[in-house]
Amino acid sequence: DAHLFDIRPALRFSTMFTRYGIGDRPFTSPNPAYGALITYHLKDKPTEAKKLKIEVFDSAGKRIREILRAPAEKGLNRVAWDLTYDPPKERRPSTDQGDSFFGGGSRGPQALPGTYTVKLTLGDKTIEKRVEVRLDPTLRVDVAELRAVFDLSSRLRDMISAINESLRMLDSIKSQLQQIEKTAKDRLPDAATEQSKMIGEYVKQVDALADKMARNPEPTLGFGGSPRIADRLVNLFFTIEGVNAAPTPAQREEFNEIAAEVPQRVNEVNRFISETVAKMNEALKKAGLPVLIAGKAIEMPR
């Protein structure tokens, strides 16, 4: 049903703008895809019951990446693994799942030089091929330095996930409160004013907690205030990942400050879920309104 062709060694390299807005008019051809090019042949177009899945595993057999939106047409197909690990969990659904090295969106740490395994699964059948990731030979960098970057980037990725999960939980609670307020106005108009005031206070508590982690995403006049932990995490991740060199002392100092704050913020959300939301639900029940569904506690990043 499927055949996975040999995958040529992939070269990890950095890029930089040499022209900006001028001088590129004669060059109209697209750049080749960055990373490891995975070519495969499908006898037939997969069905819903028999979906195609492409995954990348490290030398220890741990899955590090699932390539989303891989083409799955009858005949020859090709997709590029951009030599990065799975991206962090997101606060909101995104059309970009980090499958583009040069595009926007979140992405995971860059893979270190070494041998990886690409597995193609179609239904109950799996085939695999190895791929070698090599470093740009023009770079003069010790692998130990890249390992230091990878270690910090991996931890930052996990902390971004924890903060985004916390924010997603608060977004859900706020959305539920707004829906409950709407329901109260439609079904219980006599008590709508009092209930709206109570729910409004609850929404303020949610917003205040979320504001400690990320600035209000809604457009506002003036400046957005000082960077929150969500901004600092993402900025540091891309600053460290932007060069092939060991993290600087200043970057390590910033990392240590962030690593100390993230557990505090996640714990605040977990306490809010276990304590404050429980009290809110008691008040909502007494008012004859639906209760909030908060879900389980957010796991702390390791």
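The values are calculated or read from the model by the stated rules, or taken from the named source; none is laboratory data. As the structure is a computational prediction, the values presented were derived from the model and not from experiment. FYI the Cβ positions are ideal-geometry reconstructions off the backbone, even for glycines, and counts take in every protein chain you see. Calculation scope for accessible area: heavy atoms of the full protein, side chains included, ligands and nucleic acids excluded. Shrake-Rupley method; radii C 1.70, N 1.55, O 1.52, S 1.80 Å.
The figures follow:
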quantity	calculated
The chain, accessible area per residue, ligands and nucleic acids excluded (1.4 Å, Å²)	60
Helix-only [θ]222 nm of the chain, DSSP H runs n ≥ 4, -39500 (n - 2.57) each, per residue, nearest 500	-13000 deg cm²/dmol
GNM flexibility winner over the chain from Pro30, Pro249, Pro87 (Cα, springs under 10 Å)	Pro30
Tail weight of P(r) past 27 Å, computed on alpha-carbon pairs of the chain, percent	56
Candidate lysines for bridging to Lys197, where Cα separation is under 30 Å - those fewer than 8 sequence places away on the same chain excluded	Lys174, Lys182, Lys185, Lys212, Lys279, Lys285, Lys286, Lys296
Integer Hz, Karplus 6.51/-1.76/1.60 couplings in order for the range 236-248, x for Gly and Pro	5, 4, 6, 5, 5, 6, x, 9, 9, 7, 4, x, 6
With at most 10 other Cβ atoms within 10 Å, longest stretch of the chain clear of loop chymotrypsin sites (Phe, Trp or Tyr not before Pro) (DSSP)	103-222
Whichever aspartates and glutamates have a C-alpha closer than 14 Å to that of Lys51, once near sequence neighbours (fewer than 8 apart) are set aside	Asp1, Glu66, Glu73, Asp124
Carbon and sulfur %, accessible surface of the chain computed with the full protein complex present, 1.4 Å	52
